[in-house]
Amino acid sequence: MNGSAPQLQAPASDEIEVSLLGPGFGECIVVHLGQGDWMIVDSCIDLNSNTPAALAYLDRLGVDPAKAVRLIVATHWHDDHVRGLAKVVEASKSAAFAITGAFQVKDFRLLLAPWLANHTELDCKGLGEIAKLIAISKQRNRSPIPASENKMLWERHAGIPAQIRSLSPSDPAVAACIARLSKMDPGAFSRRLPMIEENHASVVLSVEVGSRRMLLGGDLECRSDRSFGWLAIVDTQKDSGSLKHHVFKIPHHGSLNGHHEEVWSDLLHPNPHSALTPVVTGKTQLPATRDKDRILALTDHAYLTAMPRKGKFRYPRDRVVEKTMQEVARQLWTIPHLQGHVCIRGKHGDDPSTWIVTCHGAAMHLSQMPDS
Ligand SMILES: [Zn+2]
């Protein structure tokens with residue numbers, strides 16, 4: 001699928017893997033749940049092959065998505081999380097598909113009907129992806145699972161027990177989104193859904209394989225009202241006596257509005273393996289230096305998939321070094337430097353502090369991110 005890229009070694013049956021893939025704009029998580037079962041969360045495009053990053057990666061591992069992917073989750077409908085999602089669902093023929101419970105497919109269908117009547121060319125962004133997903137679910141006669149607080153999305157009992165639960169959106173967040181949707185004029189929007197769903201409707205996932213747990217934070221934000229966002233999760237998880245997580249996909253590209261001390265103290269073990277993707281849009285470049293400093297004060301094991309800004313790396317001002325770098329750069333230039341992959345992998349029975357983190361492409365330890 002992706003030409004000359006070398007094939008990688010797939011994880012062993014008893015190994016867990018969390019792979020975070022991201023260029024300067026986009027995010028996708030690929031998780032090995034042990035025993036050859038996989039999950040994909042969100043989607044972005046692989047710049048080498050121009051195919052969905054999750055499919056390009058599984059192809060390099062020699063994993064067939066039609067047989068191995070059990071669950072696909074769309075955390076929310078923002079453009080940086082949905083590119084190529086319909087292709088991922090199409091290729092993963094036996095997988096269940098979950099979306100935020102804040103929007104049901106039937107709501108989308110009603111809302112999209114006038115738009116679909118006027119648009120035959122579907123693009124790769126929000127609305128186009130949703131329209132394609134509706135068509136696939138119709139074809140398969142299988143509606144997406146609405147994810148909501150403390151809902152079991154997938155379970156395995158044979159061998160190493162495993163489960164995937166959604167921890168959000170909270171019930172008040174679902175109600176607020178549905179109220180908002182009912183007031184919208186379907187004819188008024190064009191190709192995207194920028195105002196339809198805020199980040200407080202984003203899906204957060206808790207993945208448990210054996211005794212190891214991973215918290216995948218989507219783009220969920222914090223609100224002062226504890227019935228919304230991260231604080232709603234902190235409260236419900238405390239009440240249900242849930243155990244803490246060893247791995248953390250940091251929410252909302254490290255932004256301050258996705259951060260709360262109580263998430264780190266109540267939902268995570270100290271010093272967890274953590275990873276995040278950058279987002280670079282017109283005015284926004286995340287993570288910023290203050291985000292980097294805040295995260296590094298909380299964990300030594302924080303990794304970033306790519307630089308949060310466009311442009312070339314600055315090389316040392318030394319003639320010999322510069323000449324060498326120019327020669328090397330010619331080769332490096334063929335690999336898009338804005339794309340990276342953080343892979344966290346280890347045996348389910350081993351202490352997660354011994355798990356191995358590898359950085360591919362533009363990925364780096366967060367401390368290596370230059371100050372902006
Ligand atoms: Zn995002």
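Here are a few things to note about the model shown:
- FRET efficiency for the A297 to K183 pair, using the beta carbon distance and R₀ = 51 Å, is estimated at 0.75.
- Sorted peptide list for 203-212, 36-45, criterion being average Cβ within 10 angstrom, highest first: 36-45, 203-212
- Label point at R142 placed 7 Å out along Cα→Cβ; residues across the stretch 66-85 whose backbone nitrogen lies under 15 Å: 66-74
- Alpha-carbon Debye profile of the stretch 6-75, log10 I(q)/I(0) at 0.13, 0.26 Å⁻¹: -0.32, -1.28
- The calculated FRET efficiency for the pair D235 and L8, based on their C-beta separation and a Förster distance of 35 Å, comes to about 0.30.
- Straightening the chain between N271 and Q35 buys 82.2 nm, computed as 0.36 nm per residue apart minus the Cα-Cα spacing.
- Extension reserve of the T354-Q368 stretch, reckoned as 0.36 nm per residue once the Cα distance is removed: 2.9 nm
- Taken as Cα centroids, the stretch 40-82 and the stretch 230-307 sit 22 Å apart, rounded to the nearest whole angstrom.
- In this structure the amide hydrogen of V204, modeled in the peptide plane, comes within under 5 Å of the amide hydrogens of L167, S168, none closer than 5 places in sequence on its chain.
- Projected onto its three principal axes, the C-alpha set of the stretch 230-294 covers 42, 22, 15 Å, listed from the longest axis down.
- Out-of-range pairs (alpha-carbon distance over 20 Å; input K87/K132; K249/K292; K183/K283; K249/K283; K244/K347): K183/K283; K249/K283
Laboratory data are not the source of any read-out in this text; all were calculated from the coordinates shown. Treat the numbers as computed from the prediction; the structure is a model and nothing was measured. All Cβ positions, glycine included, derive from the backbone under ideal geometry; neighbour counts span all protein chains shown.
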